[in-house]
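A short write-up of the structure that comes next.
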Amino acid sequence: MGNWYADGLRFECTQCGNCCTGDPGFVWLSAKEQQQIADALGLPVAEFLLRYTRLVNGRISLREHPNGDCMLLTEDRRCSVNGVKPRQCLTFPFWSRLVASPEAWEGAGTRCPGIDKGVHYKPEEVDVISDLTTPKEIIARIFRGKR
Ligand code: SF4
Ligand code: SF4
């Protein structure tokens, strides 16, 4: 398929919290992210891993409360580690599988009210954000530049 988002994509988070709650899911953490989040919480990494994560097929994912809320979500539905958010959370909804087709993007929009609204992202920005090899600092800079 050609680049279906040649005119760019719109997205602006409404802070609804849907993507941090609800149906069971996985938030994968790299080793660096595990350390960064442990530091942000003021915990030794071993304790952070024990209290906030689970091992799934050899990979580390954040744990959820029984109702599906991420354990790092605050009572007012904010991320308690906003400054060191996992890449997966930072880049949502510009995940490669969600920008792969209009259908996938539209499907994500059924749960994320920010999709197709607000801030415009150029196609090259979408490409950079959805590329897993892009350093998170560059992605954060793109988002900051949109505020
Ligand atoms: S579901 Fe979309 S709008 Fe709601 S918090 Fe997540 S990214 Fe923001
Ligand atoms: S780490 Fe933060 S942004 Fe990611 S799911 Fe948990 S609360 Fe939401």
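Across the stretch 57-70, the qualifying residues are those that are part of a loop (DSSP other than H, G, I, E, B) and either among the basic types (K, R) or under 13 Å from F26 (Cβ atoms) (or both), and the one among them that is farthest from ligand 1 (Cβ to nearest atom) is G58. Does C13 satisfy being outside any helix (DSSP H, G or I), buried (at least 17 other Cβ atoms within 10 Å of the Cβ), within 16 Å of ligand 2 (Cβ to nearest atom) and within 20 Å of the chain's Cα centre (by Cα)? Judged against the criteria, C13 is a match. Residues in the stretch 25-52 that are closer than 24 Å to R77 by Cα, away from ligand 1 (no atom under 16 Å from the Cβ) and assigned to a loop (DSSP other than H, G, I, E, B): L29, S30, G42, L43. The set of residues in the stretch 78-92 that are under 18 Å from E12 (Cα atoms) and assigned to a loop (DSSP other than H, G, I, E, B) comprises R78, K85, F92. The single condition from (1) under 16 Å from the mean Cα position of the chain (by Cα); (2) over 16 Å from K85 (Cα atoms); (3) assigned to a helix (DSSP H, G or I) that C19 fails is (2).
Keeping to the stretch 90-135, report how many residues are within 16 Å of ligand 2 (Cβ to nearest atom), surrounded by fewer than 18 Cβ atoms within 10 Å (Cβ to Cβ) and touching a residue at least 40 places away in the same chain (Cβ under 8 Å). Number satisfying all stated conditions: 3. If the Cβ limit is 6 Å and pairs must be 6+ apart or interchain, which residue in the stretch 67-89 that is in the same structural domain as F143 (by TED's automatic domain parsing) pairs with which residue that is surrounded by fewer than 13 Cβ atoms within 10 Å (Cβ to Cβ) and in a helix (DSSP H, G or I)? As it stands, the answer is none, since no pair meets every condition given. Residues in the stretch 1-59 that are at positive phi and in contact with a strand residue (DSSP E or B) (Cβ under 6 Å, 6 or more places away or on another chain): G8 alone.
The values are calculated or read from the model by the stated rules, or taken from the named source; none is laboratory data. Keep in mind it's a predicted model, so treat the numbers as computed, not measured. Backbone-built Cβ (ideal geometry, glycine too); neighbour counts: all protein chains shown.
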